[in-house]
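Take a look at the structure below.
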Amino acid sequence: MGRLRIFYASMVGKKVVMGVTGLIGVGFVIMHSLGNLLVFRGPAAINSYSHFLKSTGELLWGLRILLIVAVMFHVIAAVQLTLQSRAARPLAYTKQEHQAATVASRTMRWGGALLLVFIALHVLHFTTGTIRPAGVFSPDDVYANVVTSFRIWWVALFYVAVMVALGLHLFHGAWSSVRSVGVSPPSPQPLHHRISFAIALLVWAAFTAVPIAVAAGIVR
Ligand code: HEM
């Protein structure tokens, strides 16, 4: 335990924690976005997938706990790293010129905070049914919950907008996670990281397709 604490106290330790927990998040969003595509195969497909997941009981809870712990560590390490780097440079740069930095890398903090708020609202919306924009919620009918929600234009728009933030966060995050855990050598050219770009694009497209398809009347 002592060694782990010493490791975590260093900036490198926190970056490794961010990288590992970020990769857990990447794995989750890949699986979740693929699962969501089942709405295109109709109510039976996505509802039986949801029932199957819920029937796994302890396995599902194990995964939920892993995700909650990963998100907590990811956020705590991000806040601590931000505070540490601010303390190291109490005076802001008077002139900043972004070179290799992309929109994605410059919006990691705000985008991350937005995603955190989104996750809380999203679980209250689709998992617990506490927030009911359409006024109805059925724990056994995921398909109906998705369709009734995204028929409301501002709900669909909110999800589509947040998915842009997710795509950007994933693009920079997937690339820097791999770097932080030491798999890939440092490179000044983030735009060349095709794998991160492909993951971010595919996950963004898969998530975004669902509210768009419902709003457009393709899925009804
Ligand atoms: C348009 C995009 C999305 C749609 C349509 C969507 C849809 C859903 C639905 C229908 C559920 C409930 C599943 C069930 O009860 O079987 C759910 C659960 C969940 N979603 Fe999403 N989701 C989207 C994006 C996201 C994103 C970007 C994240 C995370 C960054 C996320 C995280 C979660 C979590 C944590 C749960 C709760 C899982 C559980 O423990 O039961 N979702 N989502």
Measuring from the longest principal axis of the C-alpha atoms of the chain, the long axis of helix 194-215 (C-alpha) lies at a number of degrees, nearest 10, equal to 30 degrees
Using the Cα centre as the reference, give the magnitude of the dipole from point charges on the C-beta atoms of the chain (Lys, Arg: +1; Asp, Glu: -1; all else neutral), rounded to the nearest 20 debye.
600 debye
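Within the set of other residues whose C-beta is less than 14 Å from the C-beta of residue 169, count the net charge using Lys and Arg as +1 and Asp and Glu as -1. Before the final figure, lay out the partial values.
Numbers: positive: 106, 109; negative: none.
It works out to a net charge of +2.
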Tilt, helix 153-180 to longest principal axis of the chain (alpha-carbon atoms), in degrees rounded to tens, equals 40 degrees
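Taking the highest mean first, how do the peptides 150-156, 66-72 order by number of other beta carbon atoms within 10 angstrom per residue?
Working: 150-156: 16.1, 66-72: 14.0.
So the order, starting with the most tightly packed, is 150-156, 66-72.
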If the chain between residue 7 and residue 37 were fully stretched, how many nm would it gain, using 0.36 nm times the residue separation less the Cα-Cα distance?
6.7 nm
Of the options 8, 112, 167, report the single residue whose Cα projects farthest towards the positive end of the charge dipole of the chain (beta-carbon charges: Lys, Arg +1; Asp, Glu -1).
8
Shape verdict for the chain, please, from the Cα gyration tensor: rounded (a/c under 1.5), prolate (a/b greater than b/c) or oblate.
prolate
Quick one: which residues, 5 or more positions from residue 131 or on another chain, have an amide H under 5 Å from its amide H? H modelled 1.01 Å from N in the peptide plane, none for Pro or chain starts.
125
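Give, as a single signed number, the net charge of other residues whose beta carbon lies under 14 Å from the beta carbon of residue 72, with Lys and Arg counted +1 and Asp and Glu -1.
Working: positive: 14, 64; negative: none.
Neighbourhood net charge equals +2.
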Nearest 10 degrees is fine. How inclined is helix 11-36 to the longest principal axis of the chain, computing both from alpha carbons?
20 degrees
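Each reported figure results from applying straightforward, stated rules to the coordinates on display, with no laboratory input. These numbers come from a predicted model, not from an experiment. Counting neighbours? That spans all protein chains shown, and the Cβs are built from the backbone with ideal geometry, glycine included.
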